[in-house]
1. Excluding same-chain residues fewer than 8 positions from residue 50, which lysines have a Cα within less than 19 Å of its Cα?
2. Determine how large the accessible area of residue 32 is when every protein chain is in place; take a 1.4 Å probe and give Å² rounded to the nearest 10.
3. Measure nothing fancy, just the Cα-based angle from helix 2-21's long axis to the longest principal axis of the chain, in degrees from 0 to 90, nearest 10.
4. From the backbone phi of region 36-42, what are the Karplus-calculated ³J(HN,Hα) couplings (6.51 cos²θ - 1.76 cosθ + 1.60, θ = phi - 60°) in whole Hz, Gly and Pro given as x?
5. What aspartates and glutamates could a cross-link reach from residue 219, if we take a straight Cα to Cα line under 16 Å and drop same-chain neighbours fewer than 8 places away?
6. Can you bin region 96-219 into rounded, prolate or oblate? Criterion: square roots of the alpha carbon gyration tensor eigenvalues sorted a ≥ b ≥ c, rounded for a/c under 1.5, prolate for a/b above b/c, oblate for the rest.
7. Let me have the 222 nm mean residue ellipticity of the chain computed from DSSP H runs of 4+ only, each contributing -39500 (n - 2.57), with the sum over all residues rounded to the nearest 500.
8. Among 73, 197, 46, which one shows the biggest mean-square fluctuation in a GNM of the chain, springs joining Cα atoms closer than 10 Å?
Amino acid sequence: MKRHLLFLVTITAAVFQLQAQCNFNIPSSAIIVKNIITHSADNASIWLCKDVDMTVTGQNNTIYAEGHNIIIINGDANNIYAKYPGQTALNSNNNSLIKELWTQVSDNGSNNSKTDCTPLMYDYTNAPSGGCPITTGLSTYEPSIKWDFYPNPVSDLLQITVQSSDNVTFLIYNSTGTLVLQGQFSHSLILNVNSLISGVYNLRIESSNKSSNQRFIKK
């Protein structure tokens, strides 16, 4: 009985240690980013809100991403924490990416470290007021725009349907985070993607400060 109890205590302690390693503090000095930007400064802490994309050209920055972000890193020696599904392109060197399991990564630099850490959690105790909406735990993400597309994979014609009569914007990014197609439509669109090379793409729909991302494969 004692041996079984000791084994249980050891396993429990190991689990808590793993979770502690995936808990990071958002500092009071963090810059709150709620809209798409290119960040060129150095040595900053950045709190990146959900569904907001960002390009970083500066160095030695720390990015706390809330999820469903496209993050393009063109500067060196940055630290990125990527929560929930998203896409990160490491186009430079000596960066550190700590991410939840579902985050996609494109590494085009050298000496970049990538670590899976699930669940990745933030401590908001010292976070600046007026910051990003806070999501706790591994709750299911509900897209702010209801839409669908088919077929996937696709060879030439991709049909996109949105459950809204408002005009929406579509943006298509390749695996390195480069914008390759964009436009606007209402309710339904048949898009010719024949010019795209084979690979995985991120399709983003935006409308009235709402956005949602899905991925498709171009054959």
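1. Result set, ordered by chain and number: 34, 83, 99, 146, 210.
2. Looks like 60 Å² after rounding.
3. 50 degrees
4. In residue order, the calculated couplings are 4, 9, 10, 9, 10, 7, 10 Hz.
5. Counting by Cα, and skipping residues close in sequence, residue 219 has these aspartates and glutamates nearby: 156.
6. Note, shape of region 96-219 comes out oblate.
7. -3000 deg cm²/dmol
8. Maximum among the listed residues: 197.
The values are calculated or read from the model by the stated rules, or taken from the named source; none is laboratory data. From a predicted model like this one, the values you see are computed outputs, not experimental measurements. Virtual Cβ from ideal backbone geometry, glycine too; neighbours counted across all protein chains shown. These area figures cover heavy atoms from the full protein model, side chains too; ligands, DNA and RNA do not enter into them. Shrake-Rupley method; radii C 1.70, N 1.55, O 1.52, S 1.80 Å.
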